[in-house]
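Scroll down for the structure; my scribbles are underneath it.
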Amino acid sequence: MLAQLVYQEFLSKTKPWFLWLYTLMRSNSQQVRVRLLPSPRCFFDEPMHMKVDGLSPHQKVELRSKLRDDKGIIFRASALYSADSTGQVDLCLSPSLGGSYTGVEPMGLFWAMTPETPHRKLLKNNVLSSMMVDIEALHEDTGEILATETNERQFMTEGLRRITLGMKHGRIRGTLFLPPGPGPFPGILDVYILGGGISEVRASLLANKGFVVLALAYSGFQDLPKTMPKYFDLEYFEEAITFLRRQPQVQGPGIGILSISKSGELALSMASFLSGISAIVWINGCNANVMTPLHYKDLVIPPLMPILENMTLTPSGLLDVRDALPDQITESNRGSVIPIERSSSRFLFVVSEDDRNWNSCLFAQQAAAQLRHHGKDNFGVVTYPRAGHFLEVPYMPHCPSGFHSAVGKVVVFGGEAKAHHEAQLDLWRRVQEFFRTHLKDNSNTVQKARL
């Protein structure tokens, strides 16, 4: 009985101290906040300024980012920071001390994200909805969550129209993006990777900049073949070009084509045989037809077929297909090379030096030599060291490996995350400048087919 009375007296005397300490700790944690400037809402391709306020001077804090893509795959990044003498972490000034990246990287929590499920590429199908990125600030020692914020990354500016193309538009399938206002605007045909349907992300963000963009599907979309077709029909792409050029908002006389990977050779084929094309951006593609015959009226371009023996395994057990294609310069393979010397379009060849999907550096060099051999200088080549195959829009997480639809296995795509991020930033600017320069209303620049 006496012990119980002593204990109750102890609690009565110490309870205020415990309450004061708990209240102080909770008050301090409530003062910590994550600020996303100028607003928690921005476009996907835009940077933002992140600060954490209310920390103790020189306090260590871990910042974490997390998002869930349209397939339910979770992507994460984290970094350790130390507050300055005022108790603030400013990602534009403060270096990361470790984690997914190091050094001063204002957008590192975005471009350095990696999937929880290995070998996945971030997927965003429908750009009508935003991508939500959750940000957390955690106490380094206790793991206590000190503050949270959510960044809403949008894809469509106000007034941008998104039109899905279906049966009433003939054979062509895809999505048309029309900027607000009467125009006219430069027109771009956006063709994406094999088996990947379309990239509404890239198309919508370009449309935000004042381009009419048709994201054209050629496989793996709606009623189009889910796998590699028996052949590609260039007349299908001709229909799409005609459709785009006839849009009242599109300024003439020619349009641009934005391509990547497999669609690179399709873009070169369009420029070589079809009319109404003024500018081509070719990203990590091939200068020859690959895997599947290409038909245009009575013309058939045979494909280069990969040599399985040239594929190797990396130390981690992944397939490396970079050198699988045979040399297209040999007499037996020259018929697969796209005759781009026929075209008077402007070409921008973009290559990643660590592209492991195939040797895009060599292919760009061969394409440039082919044009020079015919007395042409209507091209430029941009090379990015340590970048991988999938050069996308800014702040898209790097995809170093993934399932290859043509091979049917997981392969390496190459690249280092930071260098890849820097390449995407630079390329996004170059793409817009290139199209604005070469899609001006100048009838002398439009390419005309010479059959």
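Some values worked out for this structure:
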quantity	calculated
Filter result for the condition that a residue is touching a Leu at 6+ places or on another chain (Cβ under 9 Å), outside the structural domain of residue 396 (by the TED database) and surrounded by 14 or more Cβ atoms within 10 Å (Cβ to Cβ), over 233, 134	134
Sole residue being within 22 Å of residue 220 (Cβ to Cβ), out of contact with any Asp or Glu (no Cβ under 8 Å at 6 or more places or on another chain) and in contact (Cβ under 8 Å) with a residue 12 or more places away in the chain, chosen from 363, 347, 390, 379	390
Sole exception among (1) open to solvent by 50 Å² or more (accessible area, probe 1.4 Å); (2) touching a Pro at 6+ places or on another chain (Cβ under 9 Å); (3) more than 30 Å from residue 238 (Cβ to Cβ) for residue 142, by number	(2)
Filter result for residue 240 (in a helix (DSSP H, G or I) and touching a residue at least 24 places away in the same chain (Cβ under 8 Å))	yes
Conditions (1) farther than 24 Å from residue 427 by Cβ; (2) surrounded by 16 or more Cβ atoms within 10 Å (Cβ to Cβ); (3) among the basic types (Lys, Arg): number failed by residue 209	(1)
Options 373, 398, 438; residue that is surrounded by 15 or more Cβ atoms within 10 Å (Cβ to Cβ), touching a helix residue (DSSP H, G or I) at 6+ places or on another chain (Cβ under 8 Å) and at pLDDT 95 or above	398
Residues located in the stretch 325-344, provided they are open to solvent by 20 Å² or more (accessible area, probe 1.4 Å) and touching a residue at least 12 places away in the same chain (Cβ under 8 Å)	325, 326, 329, 333, 335, 337, 339, 341, 342, 344
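The values are calculated or read from the model by the stated rules, or taken from the named source; none is laboratory data. No experiment lies behind these values; they were computed from the predicted model shown. Positions of Cβ are generated from backbone atoms using ideal geometry, with glycine treated the same way; all protein chains shown enter the neighbour counts. Side chains are part of the model used for accessible areas, which takes the heavy atoms of the whole protein and leaves out ligands, DNA and RNA. Shrake-Rupley method; radii C 1.70, N 1.55, O 1.52, S 1.80 Å.
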